[in-house]
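A.B. asks: My structure is below; once you've seen it, I'll send some questions.
The values are calculated or read from the model by the stated rules, or taken from the named source; none is laboratory data. Here the structure is a predicted model, which is why all the values come from computation and not from measurement. Here the Cβ positions follow ideal geometry from the backbone for every residue, glycine too, while neighbour counts run over all protein chains shown.
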């Protein structure tokens, strides 16, 4: 609630959080943004934060979609992830944020996931996020993450 109240006091309309990536590398420079290495706990914490922030009229943005779990080469790395692992570990907190938290926004990430840039990944953005989970909000790219405007729009 405090975050939503402070955002309102500062006339901010969007809170670019929660970060719902897995803290899978102990020395990751951005672990302070994440809830831990457990996908269910991460999703549960994200849902609570999203509901509290959005109750104050501020848009919550679950980030960084998806499989963006490391800083080194995060703008160019190719994350090859088995579909089951992808869904049970890396996507679960996002699914919870969408279905249980009703997050208004999702931020797509810099990395490539199974051969496609995350912000141009139709499987993730359309097939999973919108069609399977029923996401009705908007997707924002991480800053300068879009490589092709057309490919991003088509995803």
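A.B. asks: Out of 152, 141, 109, I need the residue that is surrounded by 15 or more Cβ atoms within 10 Å (Cβ to Cβ) and either under 24 Å from residue 26 (Cα atoms) or out of contact with any strand residue (DSSP E or B) (no Cβ under 8 Å at 6 or more places or on another chain) (or both). Which one? Steps first, answer last, please.
C.D. replies: Numbers: 152 fails: either under 24 Å from residue 26 (Cα atoms) or out of contact with any strand residue (DSSP E or B) (no Cβ under 8 Å at 6 or more places or on another chain) (or both); 141 fails: either under 24 Å from residue 26 (Cα atoms) or out of contact with any strand residue (DSSP E or B) (no Cβ under 8 Å at 6 or more places or on another chain) (or both).
The conditions single out 109.
A.B. asks: Looking at segment 68-110, which of its residues are over 14 Å from the mean Cα position of the chain (by Cα), closer than 20 Å to residue 130 by Cα and assigned to a loop (DSSP other than H, G, I, E, B)?
C.D. replies: Of everything in segment 68-110, just one residue is over 14 Å from the mean Cα position of the chain (by Cα), closer than 20 Å to residue 130 by Cα and assigned to a loop (DSSP other than H, G, I, E, B), namely 100.
A.B. asks: Farther than 16 Å from residue 79 by Cβ, at pLDDT 95 or above and either surrounded by 17 or more Cβ atoms within 10 Å (Cβ to Cβ) or touching a helix residue (DSSP H, G or I) at 6+ places or on another chain (Cβ under 7 Å) (or both): does that describe residue 125?
C.D. replies: Values: farther than 16 Å from residue 79 by Cβ: no; at pLDDT 95 or above: yes; either surrounded by 17 or more Cβ atoms within 10 Å (Cβ to Cβ) or touching a helix residue (DSSP H, G or I) at 6+ places or on another chain (Cβ under 7 Å) (or both): yes.
Here the answer is no, as residue 125 does not meet what is asked.
A.B. asks: Of all the residues that make up segment 17-34, how many are assigned to a loop (DSSP other than H, G, I, E, B), crowded, with 17+ Cβ neighbours inside 10 Å and under 15 Å from the mean Cα position of the chain (by Cα)? Before you say what the answer is, go through the steps one by one.
C.D. replies: So the first thing to find is which residues in segment 17-34 are assigned to a loop (DSSP other than H, G, I, E, B), and the list is 17-18, 20-30, 34.
The next check asks that each one be crowded, with 17+ Cβ neighbours inside 10 Å; those that pass are 17-18, 20-23, 28, 34.
With the extra rule that they be under 15 Å from the mean Cα position of the chain (by Cα), the set shrinks to 17-18, 20-23, 34.
Counting residues in segment 17-34 that are assigned to a loop (DSSP other than H, G, I, E, B), crowded, with 17+ Cβ neighbours inside 10 Å and under 15 Å from the mean Cα position of the chain (by Cα) gives 7.
A.B. asks: Give segment 115-134 a look and list any residue that's closer than 13 Å to residue 65 by Cα and in a loop (DSSP other than H, G, I, E, B), or say none.
C.D. replies: Hit for segment 115-134 is 121, nothing else.
A.B. asks: With free of Cβ contacts under 8 Å to residues at least 24 places away in the same chain and on the phi < 0 side of the Ramachandran plot as the only criterion, which of 136, 99 stands out? Steps first, please.
C.D. replies: Values: 99 fails: free of Cβ contacts under 8 Å to residues at least 24 places away in the same chain.
Just a single option satisfies the conditions, and that option is 136.
A.B. asks: Then there is this: Say whether the condition of being modelled with pLDDT under 95, assigned to a loop (DSSP other than H, G, I, E, B) and surrounded by 18 or more Cβ atoms within 10 Å (Cβ to Cβ) is met by at least one residue in segment 35-44.
C.D. replies: Step one: list which residues in segment 35-44 are modelled with pLDDT under 95, which gives 35-37.
Pick out the ones that are also assigned to a loop (DSSP other than H, G, I, E, B) and you get 35-37.
Next, only the ones that are surrounded by 18 or more Cβ atoms within 10 Å (Cβ to Cβ) stay: 35.
Yes, because at least one residue in segment 35-44 is modelled with pLDDT under 95, assigned to a loop (DSSP other than H, G, I, E, B) and surrounded by 18 or more Cβ atoms within 10 Å (Cβ to Cβ).
A.B. asks: Identify, please: which residue in segment 50-67 is crowded, with 24+ Cβ neighbours inside 10 Å and free of Cβ contacts under 8 Å to residues at least 60 places away in the same chain and is, among those, farthest from the chain's Cα centre (by Cα)?
C.D. replies: Looking at residues that are crowded, with 24+ Cβ neighbours inside 10 Å and free of Cβ contacts under 8 Å to residues at least 60 places away in the same chain, I get 53.
A.B. asks: Does segment 64-72 contain at least one residue that is in contact with a helix residue (DSSP H, G or I) (Cβ under 9 Å, 6 or more places away or on another chain) and more than 20 Å from residue 142 (Cα to Cα)?
C.D. replies: Filtering segment 64-72 down to residues in contact with a helix residue (DSSP H, G or I) (Cβ under 9 Å, 6 or more places away or on another chain) leaves 64-69.
In the following step, the residues that additionally are more than 20 Å from residue 142 (Cα to Cα) were identified as none.
Checked segment 64-72: no residue is in contact with a helix residue (DSSP H, G or I) (Cβ under 9 Å, 6 or more places away or on another chain) and more than 20 Å from residue 142 (Cα to Cα).
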